[in-house]
Amino acid sequence: MDPLPPNDNTDLLTAMMAGATAGAVQSVATYPFEYLKTSTQIQDNALILAKPVSPLKLRPLYTGCTALAVGNALKAGTRMCLFNSFSSFMAAENGTTTAPRIVVAGMMTGFVETLWVIPFENIKTRLIENSLYKSGMKIKMDVMTDRFRRGVNSPLKTNKRASTTLAHSLEKKPISHGRLQALKYFHEHPSTTLTGAIKEIYQTQGLRGFKQGSSITILRQCLNSMVWYSTFSSLQQLLDPNRDSTSEFGLFGMGFVSSLAVVATTQPLDLLKTRMQTKNYRLLYRDVMNCAYRIFMKEGLRKFWCGWFPRLIKISVSSTLTLDCYEMSVKSINKLKTMRPFAAE
């Protein structure tokens, strides 16, 4: 869970640089859990023909890490600037701010910063999905494969139940010849590099491919913040109303319970977000409600909570790691600012 900006006297430039560093470090440190969570959610039990081979080395678990690290660094770095601007906007005429105004400023900051990271989330999901295909995952895409094999003007066959929705989507939304050729190429040669994934998304889906799942991502992020902070505040009010005797272990425990509440309530939204950002989303589902319905009918209710354990670990660790890294970065930057490399001794 991303922490709120700290209330200190750090200047804005230092806070932005430290925030960007903390966001990138947190992303790299916890990324294997992100990979395990996303790869589990991508695998559609109703369409899968062959499961991918689990990676035995650490390096494959970092597929897509660069995209997420860049997105989180941009998000964390601009958070301080955005929060400072929204706090000034929400301040009273005399320049003072109250707790409700700060909460509103934090919500506005969370909404805007989420927009920054959505394109990078799509790139990350595409890289993980392509890595699964290269690791042996196969799904029932008979109509797509048949259309690729026979050409753009060939009629679609819908004799297989698993391909009915895909065929309907292709007939309803015809694909241009250039985009179809790009789909064919990347279907056979899935990209596993950052630049390759950007090129694949743009050539197969255009600019809209970078903003897939925007609405569900914003909704999930808002609910994440609401559930985590409300749970943490309730526990703190119950266990330590005066907020003067909570130990570090107690803070960690309250943070873990708050993270557990987030995962328990928002994991279905996280699954839908991942599915909406896959390369075949617009061909397999009409909208988010149709996606939820098909998952429930074809894969069962338990599928909505798949990947909950690695996400729980990631959320639990990320807040503490981000704050610690932020404090260390601030101290390092302040120390560097006092050094005079060209001053005479």
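Applying the criterion of being at pLDDT 80 or above and not polar (S, T, N, Q) to the residues of segment 223-236, the residue that is farthest from residue 256 (Cα to Cα) is 223.
Out of the residues in segment 75-88 that are crowded, with 18+ Cβ neighbours inside 10 Å and of a type in the set (A, V, I, L, M, F, W, C), which is farthest from residue 125 (Cα to Cα)? Among those that are crowded, with 18+ Cβ neighbours inside 10 Å and of a type in the set (A, V, I, L, M, F, W, C), it is 86. The set of residues in segment 290-327 being crowded, with 17+ Cβ neighbours inside 10 Å and of a type in the set (Gly, Ala, Ser) consists of 292, 307, 316, 318, 319.
Of all the residues in segment 8-28, those that are closer than 13 Å to residue 333 by Cβ and assigned to a helix (DSSP H, G or I) number 11.
Return the residues of segment 295-308 that are touching a residue at least 12 places away in the same chain (Cβ under 8 Å) and in a helix (DSSP H, G or I); say none if nothing qualifies. Listed by number, the residues that qualify are 295, 298, 299, 303, 304, 305, 308. Scanning segment 38-74 for residues that are within 25 Å of residue 112 (Cα to Cα) and in contact (Cβ under 8 Å) with a residue 60 or more places away in the chain yields 38, 64, 66, 67.
Confirm whether residue 58 is surrounded by fewer than 20 Cβ atoms within 10 Å (Cβ to Cβ), at pLDDT below 90 and over 14 Å from the mean Cα position of the chain (by Cα). When the stated conditions are applied, residue 58 passes them. Checked against (1) in a helix (DSSP H, G or I); (2) farther than 29 Å from residue 19 by Cα, residue 274 meets all criteria but (2). Of the set (1) modelled with pLDDT of 80 or more; (2) on the phi > 0 side of the Ramachandran plot, all apply to residue 95 but (1). Identify the residue in segment 236-268 that is of a type in the set (A, V, I, L, M) and surrounded by fewer than 19 Cβ atoms within 10 Å (Cβ to Cβ) and, among all such residues, is farthest from residue 293 (Cα to Cα). It comes out as 239.
Listed by position, the helices (runs of 4 or more DSSP H) contained in segment 129-220 that have at least 2 residues being of a type outside the set (A, V, I, L, M, F, W, C) and at pLDDT 90 or above are 194-205.
The values are calculated or read from the model by the stated rules, or taken from the named source; none is laboratory data. From a predicted model like this one, the values you see are computed outputs, not experimental measurements. Cβ: placed from backbone, ideal geometry, glycine included. Neighbour counts: every protein chain shown.
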